[in-house]
Amino acid sequence: MDDAVYENYKRAGKIAADARDFGVSLLKPGMQLLDVATTIETRIIKNGAGLAFPVNIALNTLAAHYSPRHDDSLVFQKGDVVKLDVGAHIDGYIADTAITIELETHRYDDMIRASDEALTKVIEVLSTHLPLHEAGKTIENTITSHGYKPIENLMGHGLKRYQLHSGISIPNVAALGNKNTLKEEDVVAIEPFATNGTGHVISGEGSNIYLCKDSMKAKFIRDNKTKALFTKIKNHFGTLPFAQRWYHDLFPKDEIVMKKLLFLGVMKHYPQLVEAKGGIVTQREHTVIVREDGCEVIT
Ligand code: MN
Ligand code: MN
């Protein structure tokens, strides 16, 4: 990694961390999810970074993947367990970070502590020498020691330029890891999830988060209007996920074309990820650069 790339990661990390902490200060009963998401995104852009993905706000039994629609009317309630997940990039170099806040009540303090501590512990032991099953074991043991379950089918992930999921996965349980280790200068997001439910998530309704697929099918879009719009969307959002809100701002009258692109399979609409037995979910996430003798947290 040359110095310029490293500096980009450091800046992206700083801006993402600032956005996360600023976001926490906005989380109050009565606030709209939509206002919180757009206020945080505005701050990231103002600080000179790009949006690596839409601000995600997942409440209670929802583990991940929700961003408000342009006309969203959801409001935070006292007692909500809020996962706030934000991403910033500088020239494509991404930092991804998340935190859980319970609004004005303290029923889930220990579950929040469980995912916090799991992240802290795995960061303490992570280096180029740590087999991935050991990373999973550290997370799993920490969460189960608090009496909760890790969510097994959500994982940390490698980051590459303009790529939110590079192909590397960091498991949250020992059984899904192997003897492989990470390489020096791998950039990875680690994200333990804890729950009092069954320990895995299932797909729910749409998240309002989309992605242009890198698909051969794009060649076969027949009508010119759809083809032209797809090219515009692809040029604008590239390989990163985008919000329905952002799409709506750019192409307010083209909801039908969007539906067509989803139907044709050239666009993906992520589903919400819901705890399978309706358990409450907590999450904590940092992005780190892996080193021979440890790792460097950039968020
Ligand atoms: Mn994240
Ligand atoms: Mn992530």
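Within the range 25-52, how many residues are on the phi > 0 side of the Ramachandran plot and buried (at least 19 other Cβ atoms within 10 Å of the Cβ)?
Going residue by residue through the range 25-52, those that are on the phi > 0 side of the Ramachandran plot are 30, 48.
Then keep just the ones that are buried (at least 19 other Cβ atoms within 10 Å of the Cβ); that gives none.
Number of matching residues: 0.
Only residues that are surrounded by 17 or more Cβ atoms within 10 Å (Cβ to Cβ) and either in the same structural domain as residue 66 (by TED's automatic domain parsing) or over 23 Å from the mean Cα position of the chain (by Cα) (or both): list them for the range 228-248, please.
229, 230
Identify, from the list 83, 78, the residue that is more than 26 Å from residue 144 (Cα to Cα), basic (Lys, Arg) and in the same structural domain as residue 189 (by TED's automatic domain parsing).
On the way: 83 fails: more than 26 Å from residue 144 (Cα to Cα).
Matching residue, one of 83, 78: 78.
Go through the range 221-246 and count every residue that is without any contact (Cβ under 8 Å) to a residue 40 or more places away in the chain and part of a loop (DSSP other than H, G, I, E, B). Spell out how you get there, then give the answer.
Start the filter on the range 221-246 by keeping residues that are without any contact (Cβ under 8 Å) to a residue 40 or more places away in the chain, which leaves 222-237.
Then keep just the ones that are part of a loop (DSSP other than H, G, I, E, B); that gives 222-223.
Count: 2.
Would you confirm whether or not the range 208-220 contains a residue that is on the phi > 0 side of the Ramachandran plot, at pLDDT 95 or above, surrounded by fewer than 20 Cβ atoms within 10 Å (Cβ to Cβ) and not in a helix (DSSP H, G or I)? Before you say what the answer is, go through the steps one by one.
So the first thing to find is which residues in the range 208-220 are on the phi > 0 side of the Ramachandran plot, and the list is 208.
Restricting the remaining residues to those that are at pLDDT 95 or above gives 208.
From what is left, the residues that are surrounded by fewer than 20 Cβ atoms within 10 Å (Cβ to Cβ) are none.
No, because not a single residue in the range 208-220 is on the phi > 0 side of the Ramachandran plot, at pLDDT 95 or above, surrounded by fewer than 20 Cβ atoms within 10 Å (Cβ to Cβ) and not in a helix (DSSP H, G or I).
What number of residues within the range 155-172 are crowded, with 22+ Cβ neighbours inside 10 Å and among the aliphatic types (A, V, I, L, M)?
Adding up the residues that qualify gives 3.
Within the range 193-207, track down each residue that is closer than 15 Å to residue 279 by Cβ and either under 16 Å from the mean Cα position of the chain (by Cα) or assigned to a strand (DSSP E or B) (or both).
Within the range 193-207, the subset closer than 15 Å to residue 279 by Cβ is 193-202, 204.
Residues satisfying the conditions are 193, 194, 195, 201, 202, 204.
Looking at 100, 128, 120 in this structure, which one is within 15 Å of ligand 2 (Cβ to nearest atom), modelled with pLDDT of 95 or more and under 27 Å from residue 162 (Cα atoms)? Talk me through it step by step, then tell me what you get.
On the way: 128 fails: within 15 Å of ligand 2 (Cβ to nearest atom); 120 fails: within 15 Å of ligand 2 (Cβ to nearest atom).
From the options 100, 128, 120, the qualifying one is 100.
For a quick check of your reading of the model, give me the residue pairs whose first member lies in the range 166-181 and is farther than 23 Å from residue 116 by Cβ, whose second is of a type in the set (D, E, K, R) and surrounded by fewer than 19 Cβ atoms within 10 Å (Cβ to Cβ), with beta-carbon atoms closer than 6 Å and at least 6 apart or on different chains.
Close Cβ pairs (under 6 Å, with a partner that is of a type in the set (D, E, K, R) and surrounded by fewer than 19 Cβ atoms within 10 Å (Cβ to Cβ)) amount to 166/160.
Which condition breaks for residue 49 when tested against (1) closer than 13 Å to residue 95 by Cβ; (2) at pLDDT below 95?
Looking at each condition in turn, residue 49 falls short on (2).
Out of 190, 202, which single residue is aliphatic (A, V, I, L, M), touching a residue at least 60 places away in the same chain (Cβ under 8 Å), more than 16 Å from ligand 1 (Cβ to nearest atom) and under 23 Å from residue 98 (Cβ atoms)?
Details: 190 fails: more than 16 Å from ligand 1 (Cβ to nearest atom).
Result: 202 is the single residue among 190, 202 that is aliphatic (A, V, I, L, M), touching a residue at least 60 places away in the same chain (Cβ under 8 Å), more than 16 Å from ligand 1 (Cβ to nearest atom) and under 23 Å from residue 98 (Cβ atoms).
The conditions are (1) of a type in the set (Gly, Ala, Ser); (2) within 15 Å of ligand 2 (Cβ to nearest atom); (3) over 15 Å from residue 297 (Cβ atoms), and residue 145 fails exactly one of them. Which is it?
Answer for residue 145: the failing condition is (2).
Every residue, every condition in (1) within 16 Å of ligand 1 (Cβ to nearest atom); (2) on the phi < 0 side of the Ramachandran plot; (3) at pLDDT below 95; (4) in contact with a His (Cβ under 7 Å, 6 or more places away or on another chain), yes or no:
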| residue | (1), (2), (3), (4) |
| --- | --- |
| 256 | no, yes, yes, no |
| 259 | no, yes, yes, no |
| 275 | no, yes, no, no |
| 281 | yes, yes, no, no |
| 296 | no, yes, no, no |
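Among the residues of the range 18-30, is there at least one that is within 29 Å of residue 183 (Cα to Cα), part of a helix (DSSP H, G or I) and either among the β-branched types (Val, Ile, Thr) or in contact (Cβ under 8 Å) with a residue 60 or more places away in the chain (or both)? Show your work before the answer.
As a first pass, look at the range 18-30 and keep what is within 29 Å of residue 183 (Cα to Cα): 18-20.
Narrowing the set further to residues that are part of a helix (DSSP H, G or I) leaves 18-20.
Still in the list and also either among the β-branched types (Val, Ile, Thr) or in contact (Cβ under 8 Å) with a residue 60 or more places away in the chain (or both): 19-20.
Scanning the range 18-30, I find at least one residue that is within 29 Å of residue 183 (Cα to Cα), part of a helix (DSSP H, G or I) and either among the β-branched types (Val, Ile, Thr) or in contact (Cβ under 8 Å) with a residue 60 or more places away in the chain (or both), so the answer is yes.
Are any of the residues in the range 120-140 under 30 Å from residue 293 (Cβ atoms), crowded, with 20+ Cβ neighbours inside 10 Å, touching a His at 6+ places or on another chain (Cβ under 7 Å) and not aromatic (Phe, Trp, Tyr)?
No, that holds for no residue.
So, in the range 150-181, of the ones that are within 13 Å of ligand 1 (Cβ to nearest atom) and in a loop (DSSP other than H, G, I, E, B), which residue ends up nearest to residue 237 (Cα to Cα)?
Looking at the filtered set, the residue picked out is 164.
State the number of residues belonging to the range 63-91 that are part of a loop (DSSP other than H, G, I, E, B) and either among the basic types (Lys, Arg) or over 16 Å from residue 157 (Cα atoms) (or both).
Step one: list which residues in the range 63-91 are part of a loop (DSSP other than H, G, I, E, B), which gives 65-74, 76-80, 91.
Next, only the ones that are either among the basic types (Lys, Arg) or over 16 Å from residue 157 (Cα atoms) (or both) stay: 66-74, 76-80, 91.
Of the residues in the range 63-91, 15 are part of a loop (DSSP other than H, G, I, E, B) and either among the basic types (Lys, Arg) or over 16 Å from residue 157 (Cα atoms) (or both).
The values are calculated or read from the model by the stated rules, or taken from the named source; none is laboratory data. These numbers were taken from a predicted model, which means no experiment stands behind them. So basically every Cβ, Gly included, is an ideal-geometry build from the backbone, and we count neighbours across all protein chains shown.
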